[in-house]
Amino acid sequence: MNNLENKNTDSEGINASHKKETGFANLKYLIVGIFFGIVFVKAEIISWFRIQEMFHLQSFFMYGVIGSAVAVGVISVFIIKKFNIKTLQGEKIEIQPKTFSKGQIYGGLLFGFGWAITGACPGPLFAQIGTGATVIIVTLLSAIAGTWFYGWIKDKLPH
Amino acid sequence: MNLLEIIQEPWPWYIAGPLIGLTVPILLIIGNKSFGISSSLRHICAACIPSNISFFKYDWKKESWNLFFVFGIFLGGVIGAYFLSNPNNVQITPELSEQLASYGITDHSGLVPAQLFSWESLLTLRGFIMIVVGGFLVGFGTRYAGGCTSGHAIMGLSNLQWPSLIATICFMIGGFVMSLLILPYILSL
């Protein structure tokens, strides 16, 4: 169980579902992704300019987006827990708690640097490529290289 | 205005934000999935270049939903840009417009400024830093932090996780420092 071993430092992205899903079932995530990508483009969240306006405190827009997204998320998770809502497959909904590590500070600051330079977090990178900004493929490959480098050097970093 | 014209206009934050927030319960309900995007980069490493590193030795196929999800985001980008696109320039505040003009960035026609991010600019020092170094920091930083804006700032905060609050605060501090203090030097290159 390598997953378990990595959970200490990286609990994100570990599938909480115990049911094996077929490739076909994955199509529903594709559809949610499409919906999400359209919102990214239409609200111009993937715009480099919007991110600069946010960090220059020149526009409320991104604070409104993130704030209202979190508000809806908090209410949704509260309702799911309160009423013990099950998944469509009838499973109990499980959310992995996040464990603290110094990585959230050091990694967080480094990601903040990258976010302000590229004007994109990982999600918008995919959408930006979709809009035809093909050079962002290089940014994405570099982000993959950065992730790989983290995996390679992980044990030597403070956590 | 007909419906298509309304959709073509840039959407306001109070529409976009709640729609993004709804992704959290939708993913939980349709398959018990915690919203997070940066892990897709890890799965790509695990699938393509695991290199015998323990961090990449896990059953990535079990996490393949995440790769379908990000491929969907790419397709959403295509649809948003080619079928629902806003014919006008990106509206930016006059202050930012003036600041950027002093670095020669005057083209606001795309969401990604072509004067900074293009295949030609990749070969310049400024372009290399913005495209390659910036991307590397995004990939390295998110994984070191254990998540990005989606995994920590939205999913983590939705579940009231204090480590995610720390991560989110650090994302913002890093962004402010870069955008206000360091980026002006990079843009001047």
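Of the helices (runs of 4 or more DSSP H) lying entirely inside region A:42-132, those containing at least 2 residues that are out of contact with any Gly (no Cβ under 9 Å at 6 or more places or on another chain) are A:61-82.
When B:Leu189, B:Leu165, B:Leu183 are checked against the criterion of being of a type in the set (A, V, I, L, M) and at pLDDT below 95, B:Leu189 stands alone in meeting it. Residues of region B:59-75 include at least one that is at the interface with chain A (Cβ under 7 Å from one of its Cβ atoms), modelled with pLDDT under 95 and out of contact with any helix residue (DSSP H, G or I) (no Cβ under 8 Å at 6 or more places or on another chain).
Taken over region B:167-189, the criterion of being touching a His at 6+ places or on another chain (Cβ under 9 Å) and farther than 24 Å from B:Arg126 by Cβ is satisfied by B:Ala167, B:Thr168.
Output the residue which, of all residues in region B:79-94 that are among the hydroxyl-bearing types (Ser, Thr, Tyr) and closer than 19 Å to A:Phe126 by Cβ, is surrounded by the fewest Cβ atoms within 10 Å (Cβ to Cβ). Here the answer is B:Tyr82. In the set (1) surrounded by fewer than 16 Cβ atoms within 10 Å (Cβ to Cβ); (2) within 26 Å of B:Tyr144 (Cβ to Cβ); (3) charged (D, E, K, R), B:Lys57 fails one condition alone, (1).
Residue-wise test of (1) in contact with a Gly (Cβ under 9 Å, 6 or more places away or on another chain); (2) outside any helix (DSSP H, G or I); (3) hydroxyl-bearing (Ser, Thr, Tyr); (4) in contact (Cβ under 8 Å) with a residue 40 or more places away in the chain.
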site	(1), (2), (3), (4)
B:Pro25	yes, no, no, no
B:Arg42	yes, no, no, yes
B:Phe55	yes, no, no, no
B:Glu63	yes, no, no, no
B:Asn66	yes, no, no, no
B:Val70	yes, no, no, no
B:Phe74	yes, no, no, no
B:Ser85	no, yes, yes, yes
B:Leu96	no, no, no, no
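Scanning region B:15-29 for residues that are under 16 Å from A:Ile79 (Cβ atoms) and among the aliphatic types (A, V, I, L, M) yields a count of 6. Residues that are within 15 Å of the chain's Cα centre (by Cα), free of Cβ contacts under 8 Å to residues at least 40 places away in the same chain and facing chain B (nearest Cβ under 7 Å) within region A:108-145 comprise A:Gly108, A:Phe111, A:Gly112, A:Gly114, A:Cys121, A:Pro122, A:Leu140, A:Ala143, A:Ile144, listed in sequence order.
The values are calculated or read from the model by the stated rules, or taken from the named source; none is laboratory data. No experiment lies behind these values; they were computed from the predicted model shown. Cβ: placed from backbone, ideal geometry, glycine included. Neighbour counts: every protein chain shown.
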